[in-house]
Amino acid sequence: MTEATQNIVVEAKGLTKIFKDFWGRPKARAVNGIDFQIRQGQVFGFLGPNGSGKSTTIKMILGLLYPTRGSLTVFGKEPQNVDIKSRIGYLPEETYLYKYLTAFETLDFFGALFGQEPSVRQERSRQLLEMVGLAHAYNRPVGEFSKGMARRIGLAQALVNDPDLVILDEPTSGLDPIGCREVKDIIRILASRGKTIILCSHLLADVQDVCDDMIVLYGGKIRASGELKEILREEDKTRVVCPTLSEQTVAELRQWLAAKGVQNVDSIAVDHPVKNLEDFFLDVVKQAREQSLDTSGAHGGGEIPDYLADPNNNAVLDQLRRREPTAEQKQEAPKEEKPAVNQDLLNKLTQEPKAAPKPQTDEEKSKEAELQEANKKANDFLAGKFSKK
Ligand SMILES: Nc1ncnc2c1ncn2[C@@H]1O[C@H](COP(=O)(O)OP(=O)(O)OP(=O)(O)O)[C@@H](O)[C@H]1O
Ligand SMILES: [Mg+2]
């Protein structure tokens, strides 16, 4: 096996899915003979209008649907192979949650499905809630969550098992711009940790921001594919960005370019670059926060750009540790806190050894006992449903 083939995480050849009606007659040719390869560490985008076959392809990768024709391998095996299931994390198009479980219990429940020890589940659930900006909603039933909050817990749930392949179907739908930026940051950080990400989205700007490669589907067929940077590059143009020039300097520049043999110098566009709306919005929110303006809405992740500017900033981790809920906070309604995406924390989540960390101090032991108590409802539920645990 060559290095190139070793790195292939998903490979489709002539992949076809035809949905049939009750009498076995073809009803919809959802995916029609597509070929693609997704390599380890890539962020791979599936684009296409409604009904073009994106979710069907994802469901085949997950082994939820059988291809009608063609071949599909995930980690070199059939998608139905149970050995690969624990290596995949999935955020479905619609987030399905048990509405009476709290945010913490939800993640604990999914951790239990992967056979994780209670102490590992508790630690991971807490860290994931911090990461997706839901630390303040630790004890709230997810049935009360807004759409964006449900998306965030869905993303945390997709990462519970420290997956090698993360499949995200419309991860930013329903999220505010701050949440969108956080999700994109998380995706990039996960990819930098060697995870492979499949991203299905209609938000082209998001795809452009995070994806390395993509395919564009239409009517179940691939209409365009390749490396994003290459596809979007306009080879026949050059852009120079410099401090503001006077009209006279621009006129002289045109003359100089004409002397250099550049054609149609009068049609050369000279203007002021336009700010990205996302950056502008995040700036406005950041300024409002700095002025301590009041809002009854979400308090999501204004600190992300600072964190990501310095990936080795351990002070951030200290800050997160200080924000772990105390025993009192677990009893009472938790206060809103500034959530955060934190690279150190994410590193910890994605590199953590599988063995359960043992409590080292009396304080930690008592914290764990309190958490056990707080989580009794979910544990009872799990004990009833999953007697092997
Ligand atoms: N279970 C099903 N039974 C019959 N037809 C289906 C089924 N699931 C999907 N289809 C059809 O397959 C085609 C592709 O659907 P799919 O859900 O893959 O599209 P999509 O690209 O994910 O669209 P969207 O952007 O709206 O999510 C559509 O014509 C759809 O009606
Ligand atoms: Mg879909």
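Modelled spin-label separation between Ser146 and Tyr218, with each label point placed 7 Å from Cα along the Cα-to-Cβ direction: 3.7 nm.
When each of the peptides 276-287, 180-191, 70-81 is scored by the mean number of other C-beta atoms lying within 10 Å of its residues, the order from highest to lowest reads 180-191, 70-81, 276-287. Take the Cβ atoms of Glu230 and Ser192, set R0 to 25 Å, and the FRET efficiency comes out at 0.75. Which FRET efficiency value, to the nearest 0.05, is calculated for Gln263 and Thr238 with the Förster distance at 22 angstrom and r the Cβ-Cβ distance? Once the sixth-power term is evaluated, E becomes 0.95.
Based on alpha-carbon atoms only, what is the radius of gyration of the range 3-230 relative to the globular estimate 2.2 N^0.38 Å?
1.02
How many angstrom lie between the Cα centre of the range 124-138 and the Cα centre of the range 186-240? Each part's Cα centre sits 29 Å from the other's.
Which order do the peptides 121-128, 11-18 take when ranked by the mean count of other beta-carbon atoms within 10 Å per residue, highest first? Let's see the in-between values first.
Working: 121-128: 23.4, 11-18: 18.5.
Answer by packing, highest mean first, reads 121-128, 11-18.
For Leu245 and Arg289, the FRET efficiency from 1/(1 + (r/R0)^6), where r spans their Cβ atoms and R0 equals 30 Å, is about 0.25. For the range 230-282, a Kirkwood radius taken over Cα pairs fed into Stokes-Einstein (37 °C, viscosity 0.692 mPa s) yields D = 242 µm²/s.
Given the peptides 208-215, 223-230, 243-250, 167-174, arrange them by the average over their residues of other C-beta atoms within 10 Å, most packed first.
Highest mean packing first, the order is 167-174, 208-215, 223-230, 243-250.
Residues Phe114, Phe44, Phe36 in ascending order of nearby Cβ atoms (within 10 Å, fewest first): Phe114, Phe36, Phe44.
FYI, it's all coordinate maths here, none of it is from the lab. Computed from a predicted model, the values in this text were never measured in an experiment. As a convention, Cβ positions derive from the backbone with ideal geometry for all residues, glycine included, and neighbour counts pool all protein chains shown.
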